[in-house]
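What follows is a short report on a single structure.
The values are calculated or read from the model by the stated rules, or taken from the named source; none is laboratory data. Here the structure is a predicted model, which is why all the values come from computation and not from measurement. Virtual Cβ from ideal backbone geometry, glycine too; neighbours counted across all protein chains shown.
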Amino acid sequence: MYVHFRPTEAPHNERTDLYNIKRMMPFLWSYRGRVLFALVSLMLAKFATVGVPIVLKEIVDQLDLVLNDPASIAAALPLSLLLGYGALRLMNVMFSELRDAVFARVRYRAMRDISTKVVRHLYDLSLNFHLERRTGGISRDLERGTRSLSSILNYLTFNIIPTLTEFALVAIVLFSQYDAHFALITFATVAIYIIYTMAVTEWRMHFRHAMNAYDSQANSQAVDGLINYETVKYFNNEAYELDRYNHTLSQWEDSAVKSTSTMALLNFGQGAIIALGVTVIMIYAAQGVLDGDMSLGDLVLVNAMMLQLFIPLGFLGIIYRSMKHALADMDLMFKLLDTRPEIQDQDQAKSLVITDAVVEFDHVNFAYNPDRQILHDVSLRIPSGQKLAVVGPSGAGKSTLARLLFRFYDVTGGSITIDGQDIRQLSQRSLRESIGIVPQDTVLFNDSIYHNIQYAHPDATEVDVRRAAQLANIHDFIEQLPQGYDTVVGERGLKLSGGEKQRVAIARVILKNPRILVFDEATSSLDSHSEQVILQSLRDVAQQHTTLVIAHRLSTIVDADQILVMDQGRIVEQGNHQQLIESQGVYARLWELQKEQQEQVQH
Ligand SMILES: Nc1ncnc2c1ncn2[C@@H]1O[C@H](COP(=O)(O)OP(=O)(O)OP(=O)(O)O)[C@@H](O)[C@H]1O
Ligand SMILES: [Mg+2]
């Protein structure tokens, strides 16, 4: 079973967070040397951080000692300690920066790897998946996913792991050197601080969300009003529009104010907790000094350590929120990666071996969705090098035949074979190499015409490209363009006319030169004259090819070896042109109709 991927904010919880963090690990693992180096740098930086108050304590104690013993004043500037103090500060910066520098490669490589992996996966997913999804949505998920991967790595290495390390080191110093009170008070303060920050942040997020929602609402109201400028004026509704806009903005204002004032509350609360903790510690320490259990230096140390501990915690609120968002975003990306392609190569998929290029549909049934069957028991056979035409009303299932042959979908009943090989047992690559399709709606890359034709064979020479364009009867047109073959065709090829696009598509199939050709209304946008010219060259090209032609205009397929008439997913008539005319059925009536129309146009 494959799982439909939904872009909406899927419910997600700590379990999936953990799962996603675990899925990130392989990306780190491939750079374990650097990661290890970064972690060691981080440790050293933190050793230095924790070392600073300790050296500070020694300096204070020495000075204290000296001051109390005037005899030694001249001798005793604690120079080595002071230099050590400076060195530790230097080490701290140095190892922190080293860690950043070394880790940068890991971080950006992980982003690159995951982006490539997701895009490769998107190509593997079936047409069905892509038809159901908006590309814009996917690229947003991809972008947010990689960005969140990067920020999580960032938080982990630059914030969470360093802070935890520092905690551990401080705990060791406090527990080993001092009364348990100090460690307990310090960590109780930290715990209260963290709980408070998370709780208030969680509560505040709601104002922030409201603020964003009102913001986009106001925006879309303004834009919508301006887009409908004329309608607004027709009905004299400027005041009404402004009112609505202003009303939303006032709600935005309220939530923005709340968001800012609760931020102040958060900051104040954090400061208050620290102040309280430090005061209690200082009372204990001062008492210790008076009791003679502690030196002045100890007092300085405890105070400095505690204050230092709260510096990284100041960002906790922001990090907590961003981590939650990042994990949610990443969840969407990993869900995308977990989507299984509907069409997959079998384990022992063979390569297609073409000898005669005989195409056969054997009692094929097919449904895009289980509740609506599109093809009913379709059987057809195109012998080697022959041309089979399919005609029939819109929606009969003609293009579906082409999609099935190309294996964009698997048949739900029966089978499709090429030279006796069931296409489900073949590798998709080898199958698609042997089939050329000119689709019903050609879209082109927003690049030069040359690139679009050459796309069939990236290493084709210019001579080949031009020859293909000539056969498709588009060379002359291209040559008279100011930029010639370098003309850029616009988004999806929209700067070319329908007929020009079709001819570019024909040219690139000619360049691909596969054994099996499918033309799905390939000349439908052309005038009769250009159509005849192309048909002639296609006849030449198609000579040694097995060809499936789908057409509306019967005049284009009179020469087919075999003609199938389809209606509502069934083959209703079958034969060559002469036979079908003689049998006086659907085809014959269509033929009469089109002939009349043709004559009317000519008169
Ligand atoms: N991806 C899809 N999901 C669901 N239904 C689809 C899908 N693609 C096509 N159909 C339906 O399948 C039927 C056959 O479509 P098909 O494109 O094969 O018709 P056609 O014979 O080529 O028509 P036309 O002459 O208009 O191109 C149509 O009724 C269409 O609505
Ligand atoms: Mg069609």
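Structure data summary
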read-out: Residue match in the stretch 427-439 (condition: in contact with a strand residue (DSSP E or B) (Cβ under 9 Å, 6 or more places away or on another chain), within 28 Å of Arg553 (Cα to Cα) and hydroxyl-bearing (Ser, Thr, Tyr)); value: yes
read-out: Where a residue in the stretch 357-386 is farther than 25 Å from Asn128 by Cβ and in contact (Cβ under 8 Å) with a residue 12 or more places away in the chain and its partner, wherever it lies, is within 14 Å of ligand 1 (Cβ to nearest atom) and not charged (D, E, K, R), with Cβ under 8 Å and at least six apart; value: Arg381/Phe361; Ile382/Leu548
read-out: Wholly within the stretch 408-524, helices (runs of 4 or more DSSP H) carrying at least 1 residues that are in contact with a Gly (Cβ under 9 Å, 6 or more places away or on another chain); value: 449-454, 475-479, 498-512
read-out: Hits in the stretch 348-378 (condition: farther than 15 Å from Thr546 by Cα and of a type in the set (Phe, Trp, Tyr)); value: Phe366, Tyr368
read-out: Meets criteria (more than 16 Å from ligand 2 (Cβ to nearest atom) and part of a strand (DSSP E or B)) for Phe366; value: no
read-out: In the stretch 278-307, residue surrounded by the fewest Cβ atoms within 10 Å (Cβ to Cβ) [restricted to those that are farther than 21 Å from Val52 by Cα and touching a residue at least 40 places away in the same chain (Cβ under 8 Å)]; value: Asp293
read-out: Filtered residues of the stretch 561-575 (kept if over 43 Å from the mean Cα position of the chain (by Cα), charged (D, E, K, R) and within 19 Å of Glu592 (Cβ to Cβ)); value: Glu573
read-out: Residues of the stretch 366-391 that turn out to be within 11 Å of ligand 1 (Cβ to nearest atom) and either under 20 Å from Leu535 (Cα atoms) or among the polar types (S, T, N, Q) (or both), as a count; value: 4
read-out: So Met323, is it farther than 30 Å from Val586 by Cβ, of a type outside the set (Lys, Arg), crowded, with 18+ Cβ neighbours inside 10 Å and in contact with a Gly (Cβ under 7 Å, 6 or more places away or on another chain); value: no
read-out: Tally, over the stretch 564-582, of residues that are away from ligand 1 (no atom under 15 Å from the Cβ) and either in a helix (DSSP H, G or I) or crowded, with 20+ Cβ neighbours inside 10 Å (or both); value: 6
read-out: Sole exception among (1) within 16 Å of ligand 2 (Cβ to nearest atom); (2) not assigned by TED's automatic domain parsing to the domain that holds Ile382 for Ile478, by number; value: (1)
read-out: Test: residue in the stretch 553-560 that is more than 16 Å from ligand 1 (Cβ to nearest atom), closer than 17 Å to Leu471 by Cα and either surrounded by 15 or more Cβ atoms within 10 Å (Cβ to Cβ) or in contact (Cβ under 8 Å) with a residue 24 or more places away in the chain (or both); value: no
read-out: Contacts under 8 angstrom Cβ, first residue in the stretch 396-408 being more than 11 Å from Arg424 (Cα to Cα), partner near ligand 2 (Cβ under 8 Å from one of its atoms) and assigned to a loop (DSSP other than H, G, I, E, B), 6 or more apart; value: Ser399/Gln440
read-out: Any hit, the stretch 470-486, residues being among the hydroxyl-bearing types (Ser, Thr, Tyr), surrounded by fewer than 17 Cβ atoms within 10 Å (Cβ to Cβ) and more than 16 Å from ligand 1 (Cβ to nearest atom); value: no
read-out: Residue among Asn576, Asn513 that is under 24 Å from Asp447 (Cα atoms), modelled with pLDDT of 85 or more and polar (S, T, N, Q); value: Asn513
read-out: Of the criteria (1) within 31 Å of the chain's Cα centre (by Cα); (2) within 12 Å of ligand 1 (Cβ to nearest atom); (3) part of a loop (DSSP other than H, G, I, E, B), which one Gln346 fails; value: (2)
read-out: Residue match in the stretch 136-145 (condition: of a type in the set (S, T, N, Q) and either within 16 Å of ligand 1 (Cβ to nearest atom) or surrounded by 14 or more Cβ atoms within 10 Å (Cβ to Cβ) (or both)); value: no
read-out: The stretch 543-560, subset over 43 Å from the mean Cα position of the chain (by Cα) and not in a loop (DSSP other than H, G, I, E, B), residue farthest from ligand 2 (Cβ to nearest atom); value: Ser555
read-out: Looking only at the stretch 487-521, and only at residues there that are of a type in the set (Gly, Ala, Ser) and within 16 Å of ligand 2 (Cβ to nearest atom), the one that is surrounded by the fewest Cβ atoms within 10 Å (Cβ to Cβ); value: Gly498
read-out: Residue among Ser394, Ser415, Ser384 that alone is of a type in the set (Gly, Ala, Ser) and within 23 Å of Lys501 (Cα to Cα); value: Ser394
read-out: Count - residues of the stretch 241-253 that are touching a Gly at 6+ places or on another chain (Cβ under 9 Å) and not hydrophobic (A, V, I, L, M, F, W, C); value: 3
read-out: Every pair of residues 6+ apart whose Cβ atoms lie under 8 Å, when the first sits in the stretch 418-437 and is in contact (Cβ under 8 Å) with a residue 12 or more places away in the chain while the second is of a type in the set (D, E, K, R) and surrounded by fewer than 16 Cβ atoms within 10 Å (Cβ to Cβ); value: Asp419/Asp356; Gln421/Lys350; Arg424/Asp410; Gln425/Lys350; Leu426/Lys350; Ser427/Lys350; Ser430/Lys350
read-out: Some residue of the stretch 535-551 being within 16 Å of Gln598 (Cβ to Cβ) and either of a type outside the set (Phe, Trp, Tyr) or more than 16 Å from ligand 1 (Cβ to nearest atom) (or both); value: yes
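Residues are listed down the side, and each one gets a yes or a no for (1) among the acidic types (Asp, Glu); (2) within 54 Å of the chain's Cα centre (by Cα); (3) not assigned by TED's automatic domain parsing to the domain that holds Arg147:
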| position | (1), (2), (3) |
| --- | --- |
| Thr279 | no, yes, yes |
| Ala285 | no, no, yes |
| Val302 | no, yes, yes |
| Gln308 | no, yes, yes |
| Asp331 | yes, yes, no |
